[in-house]
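Trainee: So that we are looking at the same thing, I have put the structure below in structure tokens.
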Amino acid sequence: MANILAVAIPQRGALGPASYELLGAGRVLADALKLPLNAAVVGANAKALAADIGARGAEKTYAVEHPSLANFTEEAYAKAVAAAVAAAGATRVILPSSVAGRALAARLAVLLKAGLATDVTEILPDGKVRRGYFSGNLVAEIEFKTPVAVLTVAPMTFPRAEAKGAANVQDVSFDPGAAKSEFVSFAAEASREIDLGAAEKVVAGGFGLGGPDGFKAVFDLAHALGAAVGASRRAVDSGWIPYRHQVGLTGRMVRPKLYIAVGISGQIQHLAGMSNAGTIVAINTDKDCPLMQMASIAVQGEYAELLPSSPPRSRTARATPSPPSAHRPQRLRSVPSRGPAVRFVQDGERDGHVLRGRSGLTLADHPSRLANL
Amino acid sequence: MCVKSTPSSVNVGVDASGQPKIAGVPTSLNPFDEFAVEESVRLKERVAGSTATAITVGNDAAAEVLREAIARGMDAGVHVSGAEFDGGDSFATSLALSAAIKKLHGEKPVSLVIFGKNTSDIGGGVVGTQTAAWLDWASASAVKKIDAIDEKSVTVLRNMEDGADTLKLALPACVATVKEINEPRLPSLKGKMASKKAVFPKWGAAELGLQAGQVGAAGAGSTVVKAALPPARPAGLKIEGATAAEKATKLVDILVERKLI
Ligand SMILES: Cc1cc2nc3c(=O)[nH]c(=O)nc-3n(C[C@H](O)[C@H](O)[C@H](O)COP(=O)(O)OP(=O)(O)OC[C@H]3O[C@@H](n4cnc5c(N)ncnc54)[C@H](O)[C@@H]3O)c2cc1C
């Protein structure tokens, strides 16, 4: 019987909570098309990972485990996912919009002779899907013309399915055949910064920071808030920050709940990467620049006077990836200091008076949740 | 390598039929393809005896991007063109590209096919991998470096979310690049001269051994039934204040109130 298959792709043998969004999207599609929802995991340790994924609302979970799947190569993984699709008899295949997910979706579309939609942001009640195109200037409504269809879903868009009940795991046998590509090695990013794609908060800096030193204030604020660090292309091209931080058309697409843009003018190519963020804060000297015009909250002024310049003393707010439930609430409060207007300090710091606005609220009144990586 | 002609501006509206209003918008080489063109030229310079050919699927105006590729140092171009290719999605277009590559491969062996990251209009970032799948060749996307290459294999570095993978692909193979891979040079005077004189073979579905029903709108796996402007963002809030301190405090209060920090 036709069904929906949400396919989780481990990275370095582990599944991030972003995989739960695949089940969240799968639930929406399953309800729309009135079809059962199944899950699949491929990898060298797929069976071990299947229990967690399968417990999140999937009727059956197909595990394709094979030593050749220890690291991601396109052909082997595509064959493995195709084996799971065949075992399930699935008619809709959902993948993440990651480097691996996108490549797999492309291969599967050809293997399964299936229509394909990438970076899906919305699933409509009739099963059509929406995605942004023309750099986010337009939204396309897409209809599949094939019996089987493949979609990749935009990160941070669909709810993360909760664990409920036990997984019903089924092993799928798989023959990788001769490999045309060979995995040689992996060099991890030295930085332990939060990954942009899965961040709930992003603090991004642009050319207005005036130089690499300006990014210190951006990193400090990001660490205090448990946010990922983004950048405009002009800041990246100036060599102030590595390319992996770039947000926009030629960089990463982000969809955090909070995006704070510091010294970024907001050219269309930058907006293409972040205009779907929940709340956009712009800090800029030019009140008329595009980002200040489109921001949810615009603050005109010199960034150096508006941002905290001294880092919080404790850096524990810098999140290491762990599930939200494991987060100990961190408390932040804003305190006045001589140079910068407000800086963020953490619980346990004594710093005299705490700023109170009209609302009477301070940062100390609200636990700040760490970035939900 | 494969190039696409895309609208020079992505700031497009929607027409009465609910499709992007691109008629009359000038087109040019897809910006991401500049990196792929540059990488092809660099490889050609690196590997003695090799040549670089650009392929595009598109209407008559699209031939201009082949000229642009020649101006930037490529040797030849192939124009896959005909009304039957209109309205194709990535599925149908990659099939046409794979057929053209197969035809070229039959004439003179192709070692590596290079693609841009994605296009500035549709932006799916899948055509390179789909083309490899049709050809049943090895492939890698998000490639930031093409390292050692010999007759049998190529070593590439792939940008992942958490670092970089090194992969060895058997040739022939397809790679899709990211902008980190190089800094494109501007067209040279010599290149511009060559591009003016260049003549490109035109291949339709028949020359590629494909049925008209396999390509274009007829061969597509999906269609855009409607395009719309994204929902407008609610009007923003301007934070006023006599001093920076006052503004910063107000900002913090609002973010706390909205439970954002
Ligand atoms: C094909 C193509 C792809 C591109 N892809 C991307 C992409 O992926 N991402 C991207 O970001 N860009 C991209 N760009 C570049 C983009 O067009 C802009 O050039 C770039 O985003 C500008 O960066 P910026 O806002 O940091 O710099 P600017 O436009 O120079 O803006 C700097 C801002 O800082 C403000 N400022 C100055 N001093 C201060 C101060 N002391 N305090 C506060 N504010 C201050 C200024 O008012 C100004 O608004 C692309 C361009 C092309 C052609």
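The values are calculated or read from the model by the stated rules, or taken from the named source; none is laboratory data. The shown structure was predicted, so the numbers you read here are calculated from the model rather than taken from an experiment. Cβ sites come from the backbone with ideal geometry, for glycine too, and all protein chains shown count toward neighbours. Ligands, DNA and RNA are excluded from the accessible area calculation, which covers all protein heavy atoms including side chains. Shrake-Rupley method; radii C 1.70, N 1.55, O 1.52, S 1.80 Å.
Trainee: What three numbers, in Å, describe the spread of the alpha carbons of region B:147-261 along their principal axes, ordered from the longest?
Mentor: 69, 42, 36 Å, listed from the longest principal axis down.
Trainee: Now, a different point. Taking a probe of 1.4 angstrom, what is the accessible area of residue B:149 in Å², to the nearest 10?
Mentor: Its accessible surface works out to 50 Å², give or take rounding.
Trainee: Also, quick follow-up: I'd like the Kirkwood hydrodynamic radius of region B:19-79, using the inverse of the mean 1/r over distinct C-alpha pairs, in Å.
Mentor: For region B:19-79, inverting the mean 1/r across all distinct Cα pairs yields 12.5 Å.
Trainee: In chain B, which helices (entire DSSP H runs) extend 24 Å or more along their own long axis, judged by Cα positions, while averaging at least -0.5 on the Kyte-Doolittle scale?
Mentor: Span-like helices, by this rule, are B:90-107.
Trainee: Rounded to the nearest angstrom and ordered from largest down, what semi-axes does the equivalent ellipsoid of region A:4-171 get from its C-alpha gyration tensor (root of 5λ)?
Mentor: 23, 17, 15
Trainee: Additional query: About the Cα centre, and with charges only on the beta carbon of Lys, Arg (+1) and Asp, Glu (-1), how big is the dipole of region A:28-120? Nearest 20 debye, please.
Mentor: Roughly 180 debye for region A:28-120.
Trainee: Over chain B, what is the mean sequence separation of C-alpha contacts under 8 Å (at least six apart), divided by residue count, expressed as relative contact order in percent?
Mentor: Worked out over chain B, it gives 24 percent.
Trainee: Given a 1.4 Å probe and heavy atoms of the protein chains only, how would you sort A:107, A:92, A:252, A:244, largest accessible area at the top?
Mentor: My answer, sorted largest first, is A:244, A:252, A:92, A:107.
Trainee: While we're on this one: From other protein chains only, count the Cβ atoms within 10 Å of every residue's Cβ in B:133-141, then give the mean.
Mentor: Mean shielding by partner chains, rounded to a whole number: 5.
Trainee: Output the relative contact order of region A:4-171, whole-number percent, from Cα pairs under 8 angstrom with separation of 6+ residues.
Mentor: 31 percent
Trainee: Another question, then. Return the Rg/Rh value of region A:90-199, two decimal places, where both radii are evaluated on C-alpha atoms and Rh is the Kirkwood radius.
Mentor: With Rh from the inverse mean 1/r over Cα pairs, Rg/Rh is 1.01.
Trainee: If each DSSP helix of 4+ residues adds -39,500 (n - 2.57) and the sum is divided by the residues in the protein assembly as shown, what number results at 222 nm, nearest 500 deg cm²/dmol?
Mentor: The per-residue figure over the protein assembly as shown is -7500 deg cm²/dmol.
Trainee: Measuring from centroid to centroid over Cα atoms, what is the spacing of region B:69-126 and region A:220-291 in Å?
Mentor: 33 Å
Trainee: What list of ³J(HN,Hα) values in whole Hz, one per residue of region A:255-260 in order, does the Karplus curve 6.51 cos²θ - 1.76 cosθ + 1.60 (θ = phi - 60°) give from phi, with Gly and Pro shown as x?
Mentor: 9, x, 6, 10, 10, 9
Trainee: Another one. Give me the Kirkwood hydrodynamic radius of region B:188-249 in Å, from all C-alpha pairs, to one decimal place?
Mentor: 19.1 Å
Trainee: Calculate the all-directions average of the projected area of the protein assembly as shown's alpha-carbon convex hull, and give it in nm².
Mentor: Averaged projected hull area, Cα only: 28.3 nm².
Trainee: Rounded to the nearest 0.05, what FRET efficiency is calculated for residue B:212 and residue A:168 with R0 set to 56 Å and r the Cβ-Cβ distance?
Mentor: 0.75
Trainee: Ok, one more. Can you give the average number of partner chain beta-carbon atoms within 10 Å of each beta-carbon in peptide A:207-219, as a whole number?
Mentor: Whole-number average of other-chain Cβ neighbours for A:207-219 is 0.
Trainee: Note the full-extension length gain between residue B:199 and residue B:23 as 0.36 nm times their separation in residues minus their Cα-Cα distance, in nm to one decimal.
Mentor: 60.8 nm
Trainee: Bin width 10 Å, origin at 0, all Cα-Cα pairs of chain B: what percent of pairs per bin?
Mentor: So the P(r) values, bin by bin, are 7, 26, 30, 18, 9, 7, 2, 0.
Trainee: Order these peptides, B:85-93, B:219-227, by their mean beta-carbon neighbour count within 10 angstrom, highest first.
Mentor: B:85-93, B:219-227
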